[in-house]
Amino acid sequence: MTETTGTPAVETIKTAIEDILKTIDQEREREIITRRFGLYERRETLEQIGELLGITRERVRQLEKAILARLKTAAADGKIPAISDAERLIIRDLSENGRVGRVQDVANRLSKDKASNNTRSHVAFIGELSPRFVIINETDNYHQGISIAENGNEKKVRGDIDSIVKTIKNHGQPIDIESLHGMLTFESPSQIRGLASLSKKLANLKDVWGLAKWPTVNPKNIRDKIYVILAGNG
DNA sequence: ACGTATGTCTGTGCACAGCC
DNA sequence: GGCTGTGCACAGACATACGT
């Protein structure tokens, strides 16, 4: 296994993850967390971890829940100092980018390149533990996201995303971020951009946003692409 | 539409410690 | 010894996502 060194930000977050894991006494509990969140390798299911540990998937779920609750309390009480450096980095990044966005995009920016799966998992894990963030779980309609806690809970963020999708749908054609900002009541255009990036129903071309099914923002074949170029040239 | 994989909820049994 | 609370572990039922 080769160890590559990432950017200082990526290394800081990696160190935080290691320090958090050190606060878990039992080997078994560390295994559950690292494997469930894919902190070192790819994510594993409850079933796979249960098989490894010789317990049922349900017991793994119960343990995972209990461990996370413990870690969250410790993090909220400031008992995991290592987490604060990582928090600061993520908060700074989000503050510069609309206070909300895809976990993958945050990880990419911190990596100054396409982030590794590990780095993405690390960012998501910090987001899960820290009370300063809210994680938006991935579903059919949303990418995995991270938001500053002041933006509201997961449900609120999903509602905000939905309102942007609805506005674009009603508009009926691709629209730029500034125009959307004029039509909605979000604090900044970049917040709209961050929220919109979380929707799987939306796509953008040069910061002009539309429904993902519209070829004008999401050209799928050469005909669409030619159309977009011609339309762009008037 | 259907079967399969995965995750979640609920109820139950067992072991153990502390207390009377 | 009997009672009670707690933690651990499991099975079954159900919900949801996903692939065919």
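The values are calculated or read from the model by the stated rules, or taken from the named source; none is laboratory data. What you are looking at is a predicted structure, and each value in this text was computed from that prediction instead of being measured. When we count neighbours, we look across all protein chains shown, and the Cβ atoms used for this are built from the backbone with ideal geometry, even at glycine. Just the protein is used for accessible areas: all its heavy atoms, side chains included, with ligands, DNA and RNA removed. Shrake-Rupley method; radii C 1.70, N 1.55, O 1.52, S 1.80 Å.
Odds and ends about this structure:
- Environment charge at A:ASN117 (Cβ cut-off 11 Å; Lys +1, Arg +1, Asp -1, Glu -1): +3
- Of the residues A:ILE90, A:THR34, A:ALA66, the one whose Cα sits farthest toward the positive end of the charge dipole of the stretch A:1-102, with +1 on the Cβ of Lys and Arg and -1 on the Cβ of Asp and Glu, is A:ALA66.
- Rounded to whole Hz, the Karplus (6.51, -1.76, 1.60) HN-Hα couplings of the stretch A:143-155, x for glycine and proline: 7, 5, x, 9, 9, 5, 4, 4, 5, x, 6, 4, 4
- Compactness index (Cα Rg / 2.2 N^0.38 Å), chain A: 1.14
- Total formal charge among the other residues, if their Cβ is under 11 angstrom from that of A:GLN104, Lys/Arg +1 and Asp/Glu -1: +2
- Phi angles of the stretch A:58-67 translate, via the Karplus equation with coefficients 6.51, -1.76, 1.60 and θ = phi - 60°, into HN-Hα couplings of 5, 5, 4, 4, 4, 5, 4, 4, 5, 5 Hz per residue; Gly and Pro are given as x.
- Per residue, in Å², the accessible surface of chain A once ligands and nucleic acids are set aside, probe 1.4 Å: 56 Å²
- Over the stretch A:51-147, relative contact order from alpha-carbon pairs under 8 Å, at least 6 apart, %: 26 percent
- Sequence-distant aspartates and glutamates (8 or more away, or on other chains) whose Cα lies within less than 13 Å of A:LYS206: A:ASP176, A:GLU178
- For A:LYS79, a cut-off of 17 angstrom between C-alpha atoms picks up these lysines, skipping any fewer than 8 places away in its own chain: A:LYS22.
- Normalised contact order of chain A, rounded percent, pairs of Cα under 8 Å and 6 or more residues apart: 16 percent
- Legend: distances between Cα atoms for A:LYS166/A:LYS201; A:LYS14/A:LYS65; A:LYS65/A:LYS114; A:LYS112/A:LYS155; A:LYS155/A:LYS200; pairs beyond 20 Å are A:LYS14/A:LYS65; A:LYS65/A:LYS114; A:LYS112/A:LYS155.
- Selected from A:SER111, A:ILE55, A:THR23, residue furthest toward positive end of dipole (the stretch A:8-136; charges at beta carbon): A:SER111
- Size of charge dipole - the stretch A:8-136 - debye, nearest 20, with Cβ of Lys, Arg +1 and Asp, Glu -1, no other charges: 300 debye
- For chain A, adding -39500 (n - 2.57) for each run of n ≥ 4 DSSP H residues and dividing by the number of residues yields -18000 deg cm²/dmol at 222 nm.
- Applying both filters, DSSP loop and at most 15 other Cβ atoms within 10 Å, to the GluC sites (Glu not before Pro) of the stretch A:1-45 gives A:GLU3, A:GLU41.
- P(r), alpha carbons of the stretch A:8-136 - 10 Å bins starting at zero, rounded %: 13, 45, 32, 10, 0
- Over the stretch A:153-211: Rg over Rh, Cα atoms, Kirkwood Rh: 0.91
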